[in-house]
Amino acid sequence: MTAVSPRIRPAFTAPEVRDTTGAAPHPAALEARSIRKVIGGRAVVDGVDLAVQPAELLALVGPSGCGKSTLLRVIAGLEPADGQVLLDGADVSALPAERRWIGLVFQDHALFPHLRVDQNLTFGVRHLSRRERATLVGELLELVRLPGLAKRYPHELSGGEQQRIALARALAPQPPVVLLDEPFANLDASLRDSLRTDVIAALRSRRTSAVLVTHDRDEALLVGDRVAVMRAGRILQVDLPEQVYERPVDRFVARFLGDAAFLPGSDGGVLMARPHDLTIEPGGADRVLAHHYFGSMWRYEVGRADGSTVLAEVPAGSRLLEVGSPCTVHVVAGHALHHLD
C-alpha cells in the first residue's frame with residue numbers, strides 16, 4: 001500500500017485555460033457545471049462553474065455566507081441542487097455521497113461517536129487486512145500528530161483533536177478528490193501552520209486533487225495552486241494566487257485579498273496599488289497619519305492632498321517620518337500598477 005508520509009511534489013503547473021469556459025486537454029478531476037442552490041427563495045449558489053485539474057489544490061475563498069461551504073456540500077452529494085457534478089469526466093450528479101468516492105472534511109468533524117479513533121480511520125478501508133489497517137492507522141496518526149490515541153473515542157478528544165482525526169479519516173481511502181471545509185480553523189496558530197504543511201504535502205505526494213474552503217485570504221494564497229474568489233453565490237475570479245492578488249478583476253476581489261488603494265489613471269480609469277507598490281519621501285502636500293513597524297519594513301498610513309488615504313511601505317532602515325509630517329507618495333520604481341476595468 002502507498003505510505004502517507006508527505007513528499008513535496010514539483011510545483012503545480014496551471015493549465016493553459018485557467019477559467020472554466022474553455023476545454024481542458026484532459027477531463028478535469030472534478031467539475032461543477034451551472035450549480036444553483038436555492039434556500040428560502042435565495043440563490044446561495046448561483047450558477048457556479050468550477051473545474052479542478054488532476055493533482056491540483058484549488059483554494060476557494062470568500063466572506064462568510066458567500067455560499068462556499070454550500071457549494072462543497074453540493075459537490076459532495078450532501079445537498080441537492082440544479083446543475084452537474086463530474087468526476088474525471090463522468091457525471092455523478094445522481095449518485096449519493098457514499099458512491100462518489102470523495103474525501104470529506106467538514107467543520108463539524110462528523111466522526112462516528114460509537115467508534116474508536118482507529119475504527120473511524122479504517123471505516124472506509126475494510127478491504128485491507130488487519131495488519132494493513134493497523135499500519136495505516138499508525139501512519140495517519142503520525143501525520144496529524146496524534147500518536148497513541150487509536151483507542152480513544154471521539155468524546156474523549158478535544159475539538160482540535162477531533163478535527164485532525166476527521167482530516168486523517170478523509171485521507172485513509174486515498175480518494176482521487178478531497179474536499180476540505182476550513183479544516184484548520186479550530187487549531188492554535190503554531191499547530192495550524194505545521195499541520196497544514198504536513199497535510200498539503202501528503203495531498204501533493206499522492207497527487208490528490210483537492211478543494212480547500214477558507215475565509216483566510218493568506219491561507220488561500222499560500223496553499224492554492226489556483227485561487228477561486230466567491231461572493232454572494234458566484235465565482236468572481238479563478239487564477240493563480242499571484243494573478244488574483246496582483247490583477248484582481250474588480251475592487252471587491254482587490255480589497256478582499258489585501259490592502260489596496262485605488263488611484264486615478266491618466267486615461268480616466270482606475271489603478272490599483274498594494275502597499276508594497278507605494279513609498280513615501282519627506283515633504284509635500286500629503287501627510288503621515290500613522291506608522292506601524294513590521295520588522296523588515298515600516299508601513300505608513302498617509303492622508304493624500306485629495307482627501308484619500310493610502311498605505312505605503314519603506315524598508316525598516318529608512319528615516320522614520322513622524323505622525324503629522326508632510327510627505328509625498330510615489331509609485332515604487334519598476335512597479336506597474338494594475339488597471340481595473
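The values are calculated or read from the model by the stated rules, or taken from the named source; none is laboratory data. Quick caveat: nothing in here was measured; it's all calculated off a predicted structure. Note that each Cβ is placed from the backbone with ideal geometry, even for glycine, and that neighbours are counted across all protein chains shown.
Of the residues contained in region 235-242, one or more are found to be in a loop (DSSP other than H, G, I, E, B) and surrounded by fewer than 19 Cβ atoms within 10 Å (Cβ to Cβ). Taking the criterion of being at pLDDT 95 or above, surrounded by 23 or more Cβ atoms within 10 Å (Cβ to Cβ), in contact with a Ser or Thr (Cβ under 6 Å, 6 or more places away or on another chain) and closer than 16 Å to Asp181 by Cα, would at least one residue in region 60-74 satisfy it? Within region 60-74, one or more residues are at pLDDT 95 or above, surrounded by 23 or more Cβ atoms within 10 Å (Cβ to Cβ), in contact with a Ser or Thr (Cβ under 6 Å, 6 or more places away or on another chain) and closer than 16 Å to Asp181 by Cα.
This table checks each residue for (1) acidic (Asp, Glu); (2) in contact with a strand residue (DSSP E or B) (Cβ under 7 Å, 6 or more places away or on another chain); (3) assigned by TED's automatic domain parsing to the domain that holds Leu221.
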site	(1), (2), (3)
Arg247	no, yes, yes
Trp298	no, yes, no
Ala316	no, yes, no
Arg319	no, no, no
Val323	no, yes, no
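Within region 137-156, being touching a helix residue (DSSP H, G or I) at 6+ places or on another chain (Cβ under 7 Å), under 26 Å from Ala97 (Cβ atoms) and in contact (Cβ under 8 Å) with a residue 40 or more places away in the chain holds for Leu140, Leu143, Val144, Pro154. Checking each residue in region 258-276 for being in a loop (DSSP other than H, G, I, E, B) and of a type outside the set (D, E, K, R) picks out Gly258, Ala260, Gly265, Ser266, Gly268, Gly269. Filtering region 199-245 to residues that are over 20 Å from Ala166 (Cα atoms), among the β-branched types (Val, Ile, Thr) and under 12 Å from the mean Cα position of the chain (by Cα) leaves Val227, Val229, Val238.
All conditions but one from (1) surrounded by fewer than 18 Cβ atoms within 10 Å (Cβ to Cβ); (2) assigned to a strand (DSSP E or B); (3) of a type in the set (D, E, K, R) apply to Asp286; the one that does not is (1). What's the total number of residues in region 92-130 that are more than 16 Å from Pro176 (Cβ to Cβ) and more than 24 Å from the chain's Cα centre (by Cα)? Going through region 92-130 one residue at a time, the tally reaches 20. Looking at region 304-341, which of its residues are part of a loop (DSSP other than H, G, I, E, B), over 21 Å from Leu271 (Cα atoms) and of a type outside the set (D, E, K, R)? Listed by number, the residues that qualify are Ala316, Gly317, Ser318, Leu320, Leu321, Val323, Gly324, Ser325.
Yes/no matrix, rows are residues, columns are (1) of a type in the set (Val, Ile, Thr); (2) within 18 Å of Leu57 (Cα to Cα); (3) touching a strand residue (DSSP E or B) at 6+ places or on another chain (Cβ under 8 Å):
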| position | (1), (2), (3) |
| --- | --- |
| Val137 | yes, no, no |
| Ala189 | no, no, no |
| Arg206 | no, yes, no |
| Ser209 | no, yes, yes |
| Val229 | yes, yes, yes |
| Asp239 | no, yes, yes |
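In this structure, Val213 qualifies as at pLDDT 95 or above, under 30 Å from Asp88 (Cα atoms) and either of a type in the set (Val, Ile, Thr) or not in a loop (DSSP other than H, G, I, E, B) (or both).
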